[in-house]
Amino acid sequence: MENMTHTECERGIAALEDALYAIGGKWKLRIINALRESGKKRFNELQRLVKGISPRVLSNELKELEMNGFVKRIVHAQSPVLVEYELTEYSDTLKDVLCSLIQWGQDHRERVKGMLHT
């Protein structure tokens, strides 16, 4: 990333903004990770997995994740209607990002704990 031209830097910032638009915020990666670890889930099951999220926020986040191609909404025509959410194949493109963020978070937590105990 050193010695980037101004144009390359602007492109990088634009790409980062696009990524943050699609997966940024407090909840999106948590929802994706919950579905990745536990598989297909109904709305209430997902809400229990993602601690602290309100139904309204979960609904909005799922709509945005669906719009961006990460989550698929499956409606089973039965009585009562059953709706499930699962990850799409496209969400697999986030696997390395999630793993890196999880590892970084673990490392950062240990670093901060070490700073507090010195």
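The values are calculated or read from the model by the stated rules, or taken from the named source; none is laboratory data. Please read all numbers here as calculations on a predicted model, not as lab measurements. For neighbour counting, all protein chains shown are included, and Cβ atoms are generated from backbone atoms with ideal geometry for every residue, glycine included. Quick note on the areas: whole protein, heavy atoms, side chains included, nothing else; ligands and nucleic acids left out. Shrake-Rupley method; radii C 1.70, N 1.55, O 1.52, S 1.80 Å.
Quick look at the values:
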quantity: Residue 83, sole failed condition from (1) open to solvent by less than 50 Å² (accessible area, probe 1.4 Å); (2) modelled with pLDDT of 95 or more; (3) not in a helix (DSSP H, G or I); calculated: (2)
quantity: Filter pass, residue 96 being within 19 Å of residue 19 (Cβ to Cβ), without any contact (Cβ under 8 Å) to a residue 40 or more places away in the chain, open to solvent by 80 Å² or more (accessible area, probe 1.4 Å) and acidic (Asp, Glu); calculated: yes
quantity: Residue within region 62-72 that is over 23 Å from residue 100 (Cβ atoms), at pLDDT 95 or above and surrounded by 16 or more Cβ atoms within 10 Å (Cβ to Cβ) present; calculated: yes
quantity: Meets criteria (in a helix (DSSP H, G or I), more than 15 Å from residue 29 (Cβ to Cβ) and among the aliphatic types (A, V, I, L, M)) for residue 112; calculated: yes
quantity: Residue count for region 2-55, restricted to those that are open to solvent by 60 Å² or more (accessible area, probe 1.4 Å), in a loop (DSSP other than H, G, I, E, B) and closer than 22 Å to residue 99 by Cα; calculated: 4
